[in-house]
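For reference, the structure discussed in these notes is given below.
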Amino acid sequence: MKTFHYLRGAYEGLRVRRLQQFGRIVLDQIINDPPAYWFVTVRNYDEVLELKRQIDLFPDCRWGNGNWRSCDLERAKTHFAKLCSHPDYVAEGEKAQKLRVARKERIKALQQAGKMRLVPPIGAKINPSNEAPNLSELLLPGRTQEERALQKPPAQAPEIHEP
């Protein structure tokens, strides 16, 4: 999750600091447009689908674009907490958390099985003998030396001899 980033779309150009996130609901602080203010945003907001949730939470507000601006941090946090407490958003947040955990576990299992390698840090020596790196290892990660040896060479076009 990025802490600092620029908004896109209707609020393009604003630099924000992400304070909290729960599923698609985000609490951001705008840092390049004084005075300080905060956005509570429902990402990927669809007016047709989200209108019922919005009416359930805020009966006096029957329109919106998924962004709420607040000049008070406490009011923004309260609004964020109220959105996060809606059962539909709770289910989405739990689903997103489960996906994140499953992805981490899958990547860890692939790395342990040798099917995915960690990228060495920048500036680290790839091979201590100072030879040029083997391009087949870089282009075909996870294959053993025997598998690479068994690989057929690319077919060459037949030579044409003119009489």
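The values are calculated or read from the model by the stated rules, or taken from the named source; none is laboratory data. Values in this document were obtained by computation on a predicted structure and should not be read as measured data. Cβ coordinates were reconstructed from backbone atoms using ideal geometry, including for glycine residues, and neighbour counts include every protein chain displayed.
Couple of notes before you dig in:
- Answer residue from segment 66-111, given it is of a type in the set (S, T, N, Q), more than 20 Å from Val16 (Cβ to Cβ) and part of a helix (DSSP H, G or I) and is modelled with the highest pLDDT among those: Gln97
- Residue in segment 32-55 that is on the phi > 0 side of the Ramachandran plot, more than 24 Å from the chain's Cα centre (by Cα) and at pLDDT below 75 present: no
- Candidates in segment 1-23 are the residues that are charged (D, E, K, R) and surrounded by 10 or more Cβ atoms within 10 Å (Cβ to Cβ); of these, the one that is farthest from Thr41 (Cα to Cα) is Arg15.
- Within segment 1-26, considering residues that are in a helix (DSSP H, G or I) and either among the small types (Gly, Ala, Ser) or at pLDDT 80 or above (or both), the one nearest to Asn67 (Cα to Cα): Ala10
- Here segment 81-109 is the region considered, the condition is being among the hydrophobic types (A, V, I, L, M, F, W, C) and over 21 Å from the mean Cα position of the chain (by Cα), and the residue that is farthest from Arg8 (Cα to Cα) is Ala81.
- Residues within segment 27-55 that are of a type in the set (A, V, I, L, M, F, W, C) and not in a helix (DSSP H, G or I), tallied: 8
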